[in-house]
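Novice: Take a look at the following structure, please.
The values are calculated or read from the model by the stated rules, or taken from the named source; none is laboratory data. Computed from a predicted structure; not experimentally measured. Reconstructed Cβ throughout: ideal geometry from the backbone, glycine too, with neighbour counts over all protein chains shown.
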Amino acid sequence: MFSFTLTLDPQGKTPMYDQLYAAVAAAIREGALRHGEKLPSKRELCARLGVSRATVETAYELLLAEGYVESRPRSGYYVEDYVSTPTAGTGNACPACEAGNPPAVDFRYVPGMKRTMRTSDAWPYMEERESGSSGSSSGAPSPSLLSTSAVDVSAFPYASWAKLYKEVVYNSPALLQRGDPRGEAALREALARLLSEYRGVRCGPEQLVVGSGMETLMGQLITLFGPEAVYAMEDPGYPAMERTLRARGRSIRYVPMDGSGMDGEALEASGATVAYLTPSHQFPLGITMPASRRSRLLGWAAAGERWIVEDDYDSEFRYGGRPISSMQGMDRHGRVIYAGTFSRSLAPAIRLAYMVLPAPLLDRWQALYGRQQPTVSRYEQTVMARFLAEGYYSRYIRRVGKLYADRRAALLAALGEIPGLSVTGADGGIHFLVRLSRLSEAELLGRAAEAGLPLRGLSEFCHRVTPPESTLILGYGGLPTEQVAQAAARLKAAWSEDN
């Protein structure tokens, strides 16, 4: 039984509510607190630990939001069904850790880590301004502005990027020579620090591979898995990986989603050996997979020596609480490949993606691709390395995160004027779902297109499952805030009962 007599440090850098949260979450992950056990009441825990009620309430709210516990009315908080798995020796830990020389960052202390880049209510937003384009005009909304793939390029840090690029080009003639096929060492080091601090990823720079976009890296990964691999895809799900798999003639199993993400029982029954997941903000449903479901899928991978590809899609932007740490950081068996890109957070034209490979796959990658040229310009890699290491990226994410948070709030308020319309999946990312049951999906799409605002229906991304009726996907990354009211008014007029 886990002891709630732990000592909290009121003078520590980490707030006491975070210390309490971290201790309880760790106890659940390690099996000291088991499924169904009741946690002490807030009053009881306040008395035991000598802390304020606000400290305990905040810690319990974080545990509830991240899926570690459930709240039962008039009863209290109980541990959710979290499948703990024993540490497997190697796992995803970096070689330095395995050799007994751990890095300065404690990768194991994921829940309490400082996450200054998250877009949550507690985020210390900065009012920095960059020179460059000021954004879109205040005229009629462009047809592409509600696209799920659009981002706000007016917020791109043009001046900072140009300054770094000029310095790198003029001062680094050696970059004209061949480079490391995995990517520049400086970039991989900066990425390893970024991912460990903000996403709880357990890796060293040598495990990172940089490539020209997610499709390039996923193509390499598919080759590493071999032709016999069977892939579980989220249904509905993100289409890019599916296209890459089909182009290579690989076997696909479509696994339905529930309110927590990919259905564990259906995954078990699918016969898949690789599961492709977007757990931070699933596309298109917008689900954030709770810790209990993550643990179950990690157990599935460990038990059968299967693999999980964690595409950390839209993890940079979070509004309804802080993000759960990466699945890769929770993995103790080395079965997760973590992958990410800068296409959403910076701009689609920055074709720079990365993946973290466990040791067995890294060896295969070196054998197959270790002699090729880098797929991303060494100059661009070096600029990105400095952009990360010198703090430009974190400042930009804070600034654009506030921009998206404000835009999201304005859009939700404006859409709230449409009678009968409901919204789901809006806690993160830059898209959400809208549902208006009085019209069919086809009618909603047709009327929106006639109003000059073409949208996409949820059914477009479904394969074996039947989607909820009358549900569309609405992106707001490319919609200037000053055009939110006009866009919502157009949709309201198009979808009115009198139309």
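Novice: Of the conditions (1) closer than 18 Å to Ile337 by Cα; (2) crowded, with 20+ Cβ neighbours inside 10 Å; (3) in contact with a Leu (Cβ under 8 Å, 6 or more places away or on another chain); (4) not charged (D, E, K, R), Gly213 clears all except one; give me its number.
Specialist: Evaluating Gly213 over (1) closer than 18 Å to Ile337 by Cα; (2) crowded, with 20+ Cβ neighbours inside 10 Å; (3) in contact with a Leu (Cβ under 8 Å, 6 or more places away or on another chain); (4) not charged (D, E, K, R) leaves (2) as the failure.
Novice: Residues of the range 413-433 being under 16 Å from His281 (Cβ atoms) and not aromatic (Phe, Trp, Tyr), which ones?
Specialist: Matches in the range 413-433: Val423, Thr424, Gly425, Ala426, Asp427, Gly428, Gly429, Ile430, His431, Leu433.
Novice: Can you name the condition, by its number, that Cys203 falls short on among (1) exposed (fewer than 15 other Cβ atoms within 10 Å of the Cβ); (2) within 25 Å of Trp307 (Cβ to Cβ)?
Specialist: Single failed check for Cys203: (1).
Novice: All but one of (1) in contact with a strand residue (DSSP E or B) (Cβ under 6 Å, 6 or more places away or on another chain); (2) outside the structural domain of Leu63 (by TED's automatic domain parsing) hold for Leu6; which doesn't?
Specialist: So the condition that Leu6 fails would be (1).
Novice: Let me ask you something else. Tell me, which helices (runs of 4 or more DSSP H) wholly within the range 144-260 include 1 or more residues that are among the aliphatic types (A, V, I, L, M) and under 28 Å from His333 (Cα atoms)?
Specialist: By residue number, 185-199, 214-225, 239-247.
Novice: Related question: Suppose we keep only residues that are in contact with a Ser or Thr (Cβ under 7 Å, 6 or more places away or on another chain) and among the hydrophobic types (A, V, I, L, M, F, W, C) within the range 360-386. Which one would you say is nearest to Tyr158 (Cα to Cα)?
Specialist: Val376
Novice: In the range 261-283, how many are touching a residue at least 40 places away in the same chain (Cβ under 8 Å) and either within 13 Å of the chain's Cα centre (by Cα) or in a strand (DSSP E or B) (or both)?
Specialist: Selection size over the range 261-283: 10.
Novice: Can you tell me which residues in the range 462-494 are surrounded by fewer than 20 Cβ atoms within 10 Å (Cβ to Cβ), among the small types (Gly, Ala, Ser) and under 17 Å from Leu439 (Cα atoms)?
Specialist: Answer for the range 462-494, where residues must be surrounded by fewer than 20 Cβ atoms within 10 Å (Cβ to Cβ), among the small types (Gly, Ala, Ser) and under 17 Å from Leu439 (Cα atoms): just Ala493.
Novice: What is the number of the single condition among (1) touching a His at 6+ places or on another chain (Cβ under 9 Å); (2) at positive phi that Gly271 does not meet?
Specialist: (1)
Novice: State which residue is farthest from His35 (Cα to Cα) when the search covers only the range 71-89 and only residues that are at pLDDT 85 or above and crowded, with 17+ Cβ neighbours inside 10 Å.
Specialist: Tyr77
Novice: If Trp300 satisfies all but one of (1) without any contact (Cβ under 8 Å) to a residue 60 or more places away in the chain; (2) in a loop (DSSP other than H, G, I, E, B), what's the number of the condition it fails?
Specialist: (2)
Yes/no per residue for (1) assigned to a strand (DSSP E or B); (2) surrounded by fewer than 16 Cβ atoms within 10 Å (Cβ to Cβ); (3) under 27 Å from the mean Cα position of the chain (by Cα):
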position	(1), (2), (3)
Tyr354	yes, no, yes
Trp365	no, no, yes
Arg371	no, yes, no
Pro374	no, no, yes
Thr382	no, no, yes
Val400	no, no, yes
Ile418	no, no, no
Leu439	no, no, no
Glu460	no, yes, yes
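Novice: Can you find a residue that is among the aliphatic types (A, V, I, L, M) and under 30 Å from Arg193 (Cα atoms) anywhere in the range 428-437?
Specialist: To start, the set of residues in the range 428-437 that are among the aliphatic types (A, V, I, L, M) comprises 430, 433-434, 436.
In the following step, the residues that additionally are under 30 Å from Arg193 (Cα atoms) were identified as 430.
Yes, some residue in the range 428-437 is among the aliphatic types (A, V, I, L, M) and under 30 Å from Arg193 (Cα atoms).
Novice: Give the residue that is surrounded by the fewest Cβ atoms within 10 Å (Cβ to Cβ), with candidates limited to residues of the range 264-288 that are hydrophobic (A, V, I, L, M, F, W, C) and over 20 Å from Ile222 (Cβ atoms). Write out each step before concluding.
Specialist: Step one: filter the range 264-288 for residues hydrophobic (A, V, I, L, M, F, W, C), giving 266-267, 269, 272, 274-275, 277, 283, 285, 287.
Filter once more, so that each one left must be over 20 Å from Ile222 (Cβ atoms): 266, 269, 285, 287.
Working: Ala266: 18, Ala269: 11, Leu285: 24, Ile287: 24.
The selected residue is Ala269.
Novice: Here's something else I'd like to know. Which condition from (1) of a type in the set (D, E, K, R); (2) touching a helix residue (DSSP H, G or I) at 6+ places or on another chain (Cβ under 9 Å); (3) more than 24 Å from Pro256 (Cα to Cα) is the one that Arg456 breaks?
Specialist: Of (1) of a type in the set (D, E, K, R); (2) touching a helix residue (DSSP H, G or I) at 6+ places or on another chain (Cβ under 9 Å); (3) more than 24 Å from Pro256 (Cα to Cα), only one is false for Arg456: (3).
Novice: Go through (1) over 21 Å from Thr278 (Cα atoms); (2) surrounded by fewer than 19 Cβ atoms within 10 Å (Cβ to Cβ); (3) touching a residue at least 60 places away in the same chain (Cβ under 8 Å) for Leu187 and report which single condition fails.
Specialist: (2)
Novice: Further question: I need a count of the residues in the range 467-499 that are hydroxyl-bearing (Ser, Thr, Tyr) and either over 16 Å from Ala448 (Cβ atoms) or in a strand (DSSP E or B) (or both). First the steps, then the outcome.
Specialist: Step one: filter the range 467-499 for residues hydroxyl-bearing (Ser, Thr, Tyr), giving 470-471, 476, 481, 496.
Next cut, either over 16 Å from Ala448 (Cβ atoms) or in a strand (DSSP E or B) (or both) only: 471, 481.
Residues flagged as hydroxyl-bearing (Ser, Thr, Tyr) and either over 16 Å from Ala448 (Cβ atoms) or in a strand (DSSP E or B) (or both) within the range 467-499 amount to 2.
Novice: Here's a follow-up. Looking only at the range 441-458, filter to residues that are exposed (fewer than 15 other Cβ atoms within 10 Å of the Cβ) and of a type in the set (A, V, I, L, M, F, W, C); which one of those is farthest from Met233 (Cα to Cα)? Outline the logic, then answer.
Specialist: Taking the range 441-458 first, the residues exposed (fewer than 15 other Cβ atoms within 10 Å of the Cβ) are 442, 446, 449-450, 452, 454.
Narrowing the set further to residues that are of a type in the set (A, V, I, L, M, F, W, C) leaves 442, 449.
On the way: Ala442: 25, Ala449: 30 Å.
My answer is Ala449.
Novice: Out of (1) surrounded by fewer than 22 Cβ atoms within 10 Å (Cβ to Cβ); (2) part of a helix (DSSP H, G or I), the odd one out for Ala349 is which?
Specialist: Failing condition for Ala349: (2).
Novice: Among the candidates Gly226, Gly213, which residue alone is modelled with pLDDT under 95, in the same structural domain as Asp311 (by TED's automatic domain parsing), within 21 Å of Pro279 (Cα to Cα) and not β-branched (Val, Ile, Thr)?
Specialist: Gly213
Novice: Is one or more of the residues making up the range 198-216 touching a residue at least 60 places away in the same chain (Cβ under 8 Å) and more than 26 Å from Ser315 (Cα to Cα)?
Specialist: No, the range 198-216 has no match at all.
Novice: Suppose the filter is free of Cβ contacts under 8 Å to residues at least 12 places away in the same chain and either within 28 Å of Glu189 (Cα to Cα) or of a type outside the set (Gly, Ala, Ser) (or both); does Gln372 pass it?
Specialist: When the stated conditions are applied, Gln372 does not pass them.
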